[in-house]
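Peer 1: If you scroll down you'll find the structure; I have some questions about it.
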Amino acid sequence: MSINPLSFYNHLKSNDINFFCGVPDSLLKQFCLCLDDKVDKKNHIITPNEGHAIALAAGFYLGTRQIPLVYMQNSGIGNAINPLLSLCDPDVYGIPMIILIGWRGEPGVKDEPQHVKQGKIQLELTSALDISFDIITKNENNFENKIKNGVEVAIMNRKPYIFYIKKEVFSTYKNNHREINNKLMSREEALRVILSQLPNDVIIISTTGKTSREIFEIRVINKDNHSHDFLTVGSMGHCSSIALGLAISNPEKKIVCIDGDGSFLMHMGIIATIGDIAPANFYHILINNFVHESVGGQETSIQSINIKMLIESSNYENFSSVNDLSSLKEVLSTFTIDKGPNFLEIVIKPGSRNNLGRPTITPLENKKLFMKNFNKNIES
């Protein structure tokens with residue numbers, strides 16, 4: 001039987017864990033919704049990336065001697081490795097914490113291709129990091145003792161302790177959902193306009209999650225091929241870097257990066273690099289619904305940023321922001337005609353179709369189709 005998220009949270013509190021931070025994950029969705037409901041914003045912080053969360057938790061421990069909890073998807077461990085080894089490890093500062101990790105790509109469990117490799121090497125990677133761990137399953141009948149033991153081991157060894165959370169561990173948590181402004185356009189409506197108005201020879205790099213899934217389905221419905229789209233189904237936060245690499249190496253082609261607010265925040269330093277290099281063929285679109293939609297709708301921190309000031313101070317040529325279809329069409333009419341780098345923010349409402357599918361071609365097939373546009377060795 002699945003674990004009640006509130007019971008899990010209450011047991012963490014009984015072990016003096018009162019500070020939570022991390023990046024939301026679909027396997028931890030119900031637990032994160034419980035945190036949203038039960039923990040004030042000062043003690044539950046959604047960070048831009050997983051490395052930030054580890055460092056934030058370390059700072060909390062240094063200031064309080066209390067054990068913090070960090071949560072993430074296992075695909076985010078790459079962002080966390082540096083602070084785990086060069087900050088928290090007992091050979092350095094020796095900082096204990098509890099880490100909950102959603103185990104995507106678990107061997108024997110069907111998952112998306114971008115999660116398979118990470119899931120397969122997960123336990124070996126953790127052992128290589130010399131971090132103790134335990135696994136919690138949906139039929140868990142002893143999670144209370146596991147948590148107690150994990151906290152004790154973390155304190156005794158002065159280092160993090162990981163719990164891997166398997167699929168369907170947490171039961172549904174019902175909380176008060178935010179109201180949605182239905183006057184705003186949906187992401188899919190915005191993408192239909194983008195794909196219909198951009199010139200046919202434009203190259204598109206799209207971010208992970210539902211953006212790439214919707215682009216794929218729109219192409220299918222329109223009977224278009226997929227050779228002009230690189231669907232970044234994994235590697236969250238890096239679509240703008242991929243797009244920059246393409247823009248630099250192919251100055252004769254117009255490169256459009258379709259980003260999301262969570263992805264944009266995750267590695268925001270690349271914005272300064274884009275502005276510094278200032279490729280004239282780079283066009284950056286941010287589709288902003290202010291939430292981590294795919295993993296439960298938790299708010300991102302982008303509402304605290306003046307995006308216009310950020311982009312203009314980063315040496316982009318132009319900035320536009322729209323929140324309706326007619327304005328979107330108007331801006332797109334000249335968006336890729338003007339010299340780049342240009343930036344367009346599209347404010348949308350959260351949500352997507354319940355029957356939204358996933359790409360029916362593999363990432364490798366996508367890469368081969370895509371690279372034909374550049375006359376390169378597609379077997380590489």
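Peer 1: Using θ = phi - 60° and the Karplus curve 6.51 cos²θ - 1.76 cosθ + 1.60, what whole-Hz ³J(HN,Hα) does each residue of the stretch 183-191 get, with Gly and Pro shown as x?
Peer 2: Ordered by residue, 3J(HN,Hα) equals 6, 6, 6, 7, 4, 5, 4, 5, 5 Hz.
Peer 1: Counting only protein heavy atoms and a 1.4 Å probe, tell me what percentage of the chain's accessible area is made up of carbon and sulfur. Intermediate values should be presented prior to the final figure.
Peer 2: Details: 8690 of 17290 Å².
Solvent-exposed carbon and sulfur of the chain make up 50 percent of the total.
Peer 1: Quick check: residue separation of Thr64 and Lys117 times 0.36 nm, minus the Cα distance between them. What number comes out in nm?
Peer 2: Values: separation 53, 0.36 × 53 = 19.08 nm, distance 3.75 nm.
Result for the pair: 15.3 nm of gain on full extension.
Peer 1: Share of antiparallel DSSP beta bridges in the stretch 181-328, in percent to the nearest 5?
Peer 2: Working: 2 of 15 bridges.
In the stretch 181-328, approximately 15 percent of DSSP beta bridges are antiparallel ones.
Peer 1: Right, something else. Among Leu369, Gly245, Gly262, which residue has its Cα positioned farthest towards the positive end of the charge dipole of the chain, with +1 placed on the Cβ of Lys and Arg, -1 on the Cβ of Asp and Glu, and the dipole taken about the Cα centre?
Peer 2: Of the listed residues, the answer is Leu369.
Peer 1: Among bridges DSSP assigns within the chain, what percent are antiparallel (round to 5)?
Peer 2: Within the chain, antiparallel bridges account for around 5 percent of the total.
Peer 1: Rounded to the nearest 10 degrees, what's the angle between the helix 239-249 long axis and the longest principal axis of the chain, both from Cα atoms, 0 to 90?
Peer 2: It works out to around 40 degrees.
Peer 1: Another question, if that's okay. Just from its helices, what would the mean residue ellipticity at 222 nm be for the chain, if runs of 4 or more DSSP H residues each count -39500 (n - 2.57) and the sum is divided by every residue, rounded to the nearest 500 deg cm²/dmol?
Peer 2: -11500 deg cm²/dmol, from helical runs alone.
Peer 1: For the stretch 243-257 and the stretch 13-84, what is the centre-to-centre distance using only Cα atoms, to the nearest Å?
Peer 2: Distance between centres, Cα-based: 36 Å.
Peer 1: On to the next question. Under 1.5 on a/c is rounded, so check that first for the stretch 1-122, then, if it is not, pick prolate when a/b is larger than b/c and oblate when it is not; a ≥ b ≥ c are the square roots of the alpha carbon gyration tensor eigenvalues.
Peer 2: Since a/c reaches 1.5 but b/c is at least a/b, the shape of the stretch 1-122 is classed as oblate.
Peer 1: Okay, moving on. If you keep only loop residues by DSSP, which trypsin sites (Lys or Arg not before Pro) in the stretch 22-123 have at most 12 other Cβ atoms within 10 Å of their Cβ?
Peer 2: Counting only loop positions with at most 12 other Cβ atoms within 10 Å, the trypsin sites (Lys or Arg not before Pro) in the stretch 22-123 are Lys41, Lys42, Arg65, Lys110.
Peer 1: Okay, next question. Name the residue farthest towards the positive end of the dipole of the chain from the options Ile305, Phe8, Asn342, assuming +1 on Cβ of Lys and Arg, -1 on Cβ of Asp and Glu, about the Cα centre.
Peer 2: Going by the charge dipole, the pick is Phe8.
Peer 1: With +1 on each Lys and Arg Cβ and -1 on each Asp and Glu Cβ, how big is the dipole of the stretch 266-373 about its Cα centre, in debye rounded to the nearest 20?
Peer 2: Rounded to the nearest 20 debye, it is 500 debye.
Peer 1: Before I look further, what does the stretch 276-380 give for accessible area per residue, probe 1.4 Å, in whole square angstrom?
Peer 2: That works out to 50 Å² per residue.
Peer 1: For a quick check of your reading of the filter: which trypsin sites (Lys or Arg not before Pro) in the stretch 182-260 sit in a DSSP loop and have no more than 11 other Cβ atoms within 10 Å?
Peer 2: Lys183, Lys223
Peer 1: Given the options Met156, Met236, Met97, state which has the largest fluctuation in a GNM of the chain using a 10 Å cut-off (strictly under) for Cα springs.
Peer 2: Met156
Peer 1: Here's something else I'd like to know. Mind checking the stretch 129-233 for GluC sites (Glu not before Pro) that DSSP puts in a loop (not H, G, I, E or B) and that have at most 15 other Cβ atoms within 10 Å?
Peer 2: Within the stretch 129-233, the qualifying GluC sites (Glu not before Pro) (loop, at most 15 other Cβ atoms within 10 Å) are Glu168, Glu179.
Peer 1: About its Cα centre, what dipole magnitude does the stretch 1-153 give when the only charges are +1 on Lys and Arg Cβ and -1 on Asp and Glu Cβ, stated in debye to the nearest 20?
Peer 2: For this selection, approximately 300 debye.
Peer 1: Right, here's the next one. Along the charge dipole of the stretch 34-107, Cβ charges K/R +1 and D/E -1, which of Ile101, Ala57, Asn74 sits furthest on the positive end?
Peer 2: The listed residue farthest towards the positive side: Ala57.
Peer 1: Continuing with the same structure: Rounded, prolate or oblate: pick one for the stretch 196-292, where a ≥ b ≥ c are the square roots of the eigenvalues of its C-alpha gyration tensor, a/c under 1.5 means rounded, and failing that, prolate if a/b is larger than b/c, else oblate. Could you put the intermediate results ahead of the total?
Peer 2: Values: a/c = 2.05, a/b = 1.14, b/c = 1.79.
Since a/c reaches 1.5 but b/c is at least a/b, the shape of the stretch 196-292 is classed as oblate.
Peer 1: Treating only the Cβ of Lys, Arg, Asp and Glu as charged (+1, +1, -1, -1), what charge dipole size does the chain show about its Cα centre? Round to the nearest 20 debye.
Peer 2: 560 debye
Peer 1: Which one, Asn289, Asn82, Asn49, has the greatest fluctuation when you compute a Gaussian network model over the chain with C-alpha springs under 10 angstrom?
Peer 2: Of the options given, Asn82 has the highest mean-square fluctuation.
Peer 1: To the nearest 0.05, how large is the calculated FRET efficiency for Ser313 and Asn181 if R₀ is 41 Å and r is the Cβ-Cβ distance? Can you show the working numbers first?
Peer 2: Values: r = 29 Å, r/R0 = 0.70.
Efficiency, rounded to the nearest 0.05: 0.90.
Peer 1: Let me ask something else about it. Looking only at Tyr164, Tyr93, Tyr316, which one moves most when the chain is put into a Gaussian network model with springs between Cα atoms under 10 Å?
Peer 2: Of Tyr164, Tyr93, Tyr316, the most mobile in the Gaussian network model is Tyr93.
Peer 1: Taking a ≥ b ≥ c as the square roots of the eigenvalues of the Cα gyration tensor of the stretch 31-91, is the shape rounded (a/c under 1.5), prolate (a/b larger than b/c) or oblate?
Peer 2: It is oblate, given that a/c is not under 1.5 and a/b is not larger than b/c.
The values are calculated or read from the model by the stated rules, or taken from the named source; none is laboratory data. As the structure is a computational prediction, the values presented were derived from the model and not from experiment. Ideal geometry is used to build each Cβ from the backbone, glycine not excepted, and the neighbour counts take in all protein chains shown. Side chains included, ligands, DNA and RNA excluded: accessible areas come from the protein's heavy atoms. Shrake-Rupley method; radii C 1.70, N 1.55, O 1.52, S 1.80 Å.
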